[in-house]
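What follows is a short report on a single structure.
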Amino acid sequence: MVYNELRKDYLLNRWVVIATERSRRPTDFAKQKTESAENSVCPLCVGNEQMTPPAVMLYLKQNGEIEKSKDQNGTRSKNWLVRVIPNLYPAFTPPKDPADKTQIIMKNENFGYAIGHHEVLIESPKHDEDPADAELPQLKLLINAYIDRLRDMSAKPYVRYVSIFRNYGKEAGASLSHAHSQMIATPTVPRIPAEEMAASKQFYEQHKKCVFCDIIQKETKGPRLMLENTHFVVFAPYASVHPLEFWILPKKHASNIFDLTEAEAAAFAETLKASLKALKTLVNDPPYNYGFHMSINREADNYYHWHLEVYPRLSIWAGFEKNTGMYINTVKPETSAEELRKALRA
């Protein structure tokens, strides 16, 4: 008799069943492409800037140079390369008066105001220029935009965490198909990053080293490694929740992306593009989500390590997962890494 495997996350108290008895090949998830039914005007495309709020940040091309600016006096710039706008339907909104602490503090332990920020980063003037297909200079601009907006948001006294994430495809929650990411600044640290930070701190206090640096050292020598270069490693995590899930981690220890050098930002753009291109090639352009895990609290500099997690949306969480918080993955992480390595070489 062959038993399924029960694996625990590196840090979280989260368990995953690796269902070897129901095992599937990654290519089993490839879907037949259908023609898009989207014919409506895209509010994120060049020429339609009046359909959105004024940009809080723009990268403009001026006389062959890249300049940072924003929309002012009711005008909308059209020669932009990256455009950042407030979300029309924000989950979190800035306080009307930042000096009024009654708007910012938690009302009690169970209730508080959703104070913060919610922005959309329009990644390119080209509608379909997603990271898997983007030119590297454009993708590097996007990474720089992440850093610029992260600096601005994290400087607010009421912000405790900033989530940078991307939804690709309707099944992953994208309501618009134009290439875009989102950023949400919150007044509290959400549960998953908070648990990761607490576990990382505990490991650091016990072993005097970063747990993610330790994970990198082990995974680069094992069967779950997908890609490695001078600055980054990509691997399928040991207790992957999603089929074909992979993480991108910097080799240099850092708790966030504030201090990425030009070379590191360029390498990150290249690593992100190559990894997402391999996923697209392997399973025919699937929907996915990605999200950065990092800390804006300098206290965490020693023990926390930023990384990007990519979650392909290839399976549906059903009653067991929703009822228990335990997950079933029908593709072994080792198989995911092997097939993604092949796609990288294709």
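When segment 187-212 is examined, which residues are found to be of a type in the set (Ser, Thr, Tyr) and out of contact with any His (no Cβ under 9 Å at 6 or more places or on another chain)? Reasoning before the result, please.
Taking segment 187-212 as the starting set, the residues that turn out to be of a type in the set (Ser, Thr, Tyr) are 188, 200, 204.
Once the filter is applied, which keeps residues that are of a type in the set (Ser, Thr, Tyr) and out of contact with any His (no Cβ under 9 Å at 6 or more places or on another chain), segment 187-212 yields Thr188, Tyr204.
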The residue that is modelled with the lowest pLDDT, considering only those in segment 188-234 that are farther than 15 Å from Asp9 by Cα and among the hydroxyl-bearing types (Ser, Thr, Tyr), is Thr188
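Residues are listed down the side, and each one gets a yes or a no for (1) in contact with a Lys or Arg (Cβ under 6 Å, 6 or more places away or on another chain); (2) at negative phi; (3) crowded, with 18+ Cβ neighbours inside 10 Å; (4) not in a loop (DSSP other than H, G, I, E, B):
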| position | (1), (2), (3), (4) |
| --- | --- |
| Ser200 | no, yes, yes, yes |
| Lys218 | no, yes, no, yes |
| Pro223 | no, yes, no, no |
| Val233 | no, yes, yes, yes |
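Among what's in segment 248-289 and is aromatic (Phe, Trp, Tyr) and over 26 Å from Thr27 (Cβ atoms), pick the residue that is surrounded by the fewest Cβ atoms within 10 Å (Cβ to Cβ). Break it down stepwise before answering.
Step one: of segment 248-289, the residues aromatic (Phe, Trp, Tyr) are 258, 268, 288.
Next cut, over 26 Å from Thr27 (Cβ atoms) only: 258, 268.
On the way: Phe258: 14, Phe268: 22.
Per the criteria, the residue is Phe258.
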When Glu245 is run through (1) under 18 Å from Ala132 (Cβ atoms); (2) charged (D, E, K, R); (3) over 15 Å from the mean Cα position of the chain (by Cα), the failure sits at (3)
Considering only strands (runs of 3 or more DSSP E) wholly within segment 243-346, the ones with at least 3 residues that are touching a Leu at 6+ places or on another chain (Cβ under 9 Å) are 246-250, 288-293, 307-312
Filtering segment 191-218 down to residues that are within 12 Å of Ser255 (Cα to Cα) and hydroxyl-bearing (Ser, Thr, Tyr) yields Ser200
Would you be able to say whether some residue in segment 163-177 is in contact (Cβ under 8 Å) with a residue 24 or more places away in the chain, touching a Cys at 6+ places or on another chain (Cβ under 8 Å) and either crowded, with 21+ Cβ neighbours inside 10 Å or among the small types (Gly, Ala, Ser) (or both)? yes
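Which of the residues that make up segment 137-151 are among the charged types (D, E, K, R) and either without any contact (Cβ under 8 Å) to a residue 40 or more places away in the chain or touching a helix residue (DSSP H, G or I) at 6+ places or on another chain (Cβ under 6 Å) (or both)?
Lys140
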Pairs returned, first residue in segment 101-128 that is of a type in the set (S, T, N, Q) and modelled with pLDDT of 60 or more, second residue that is part of a loop (DSSP other than H, G, I, E, B) and buried (at least 20 other Cβ atoms within 10 Å of the Cβ), beta-carbon separation under 7 angstrom, 6 or more apart or interchain, are Ser124/Ala134; Ser124/Ala179
Flagged pairs (Cβ under 6 angstrom, 6 or more apart or on separate chains; first in segment 320-346, farther than 20 Å from Ala278 by Cα; second surrounded by fewer than 12 Cβ atoms within 10 Å (Cβ to Cβ) and of a type in the set (Phe, Trp, Tyr)) are none
Expected output for segment 179-196 (first residue touching a residue at least 24 places away in the same chain (Cβ under 8 Å) and within 12 Å of Arg166 (Cβ to Cβ), partner basic (Lys, Arg) and assigned to a helix (DSSP H, G or I), Cβ below 7 Å, 6+ apart or cross-chain) is Met183/Arg149
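Only one of Phe292, Phe235, Phe268 is out of contact with any strand residue (DSSP E or B) (no Cβ under 6 Å at 6 or more places or on another chain), touching a residue at least 60 places away in the same chain (Cβ under 8 Å) and under 30 Å from Arg160 (Cα atoms). Can you tell me which?
Working: Phe292 fails: out of contact with any strand residue (DSSP E or B) (no Cβ under 6 Å at 6 or more places or on another chain); Phe235 fails: out of contact with any strand residue (DSSP E or B) (no Cβ under 6 Å at 6 or more places or on another chain).
Within the list Phe292, Phe235, Phe268, the selection yields Phe268.
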Per the list (1) farther than 22 Å from Ala266 by Cα; (2) within 14 Å of the chain's Cα centre (by Cα); (3) surrounded by fewer than 18 Cβ atoms within 10 Å (Cβ to Cβ), residue check on Thr188 breaks on (2)
Condition set over 30 Å from Ala254 (Cα atoms) and of a type in the set (S, T, N, Q), scope segment 290-339, selection surrounded by the most Cβ atoms within 10 Å (Cβ to Cβ): answer is Asn329
Taking first residues from segment 1-16 that are without any contact (Cβ under 8 Å) to a residue 60 or more places away in the chain and exposed (fewer than 12 other Cβ atoms within 10 Å of the Cβ) and second residues anywhere that are charged (D, E, K, R) and part of a strand (DSSP E or B), the pairs with Cβ under 6 Å that are 6 or more apart or on different chains are none
Taking segment 299-329 and keeping only residues that are hydroxyl-bearing (Ser, Thr, Tyr) and in contact with a strand residue (DSSP E or B) (Cβ under 6 Å, 6 or more places away or on another chain), one is left with Tyr311, Tyr327
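The values are calculated or read from the model by the stated rules, or taken from the named source; none is laboratory data. This structure is a prediction, so every number in the text was calculated from the model and none was measured. All Cβ positions, even for glycine, are placed from backbone atoms using ideal geometry, and neighbour counts span all protein chains on display.
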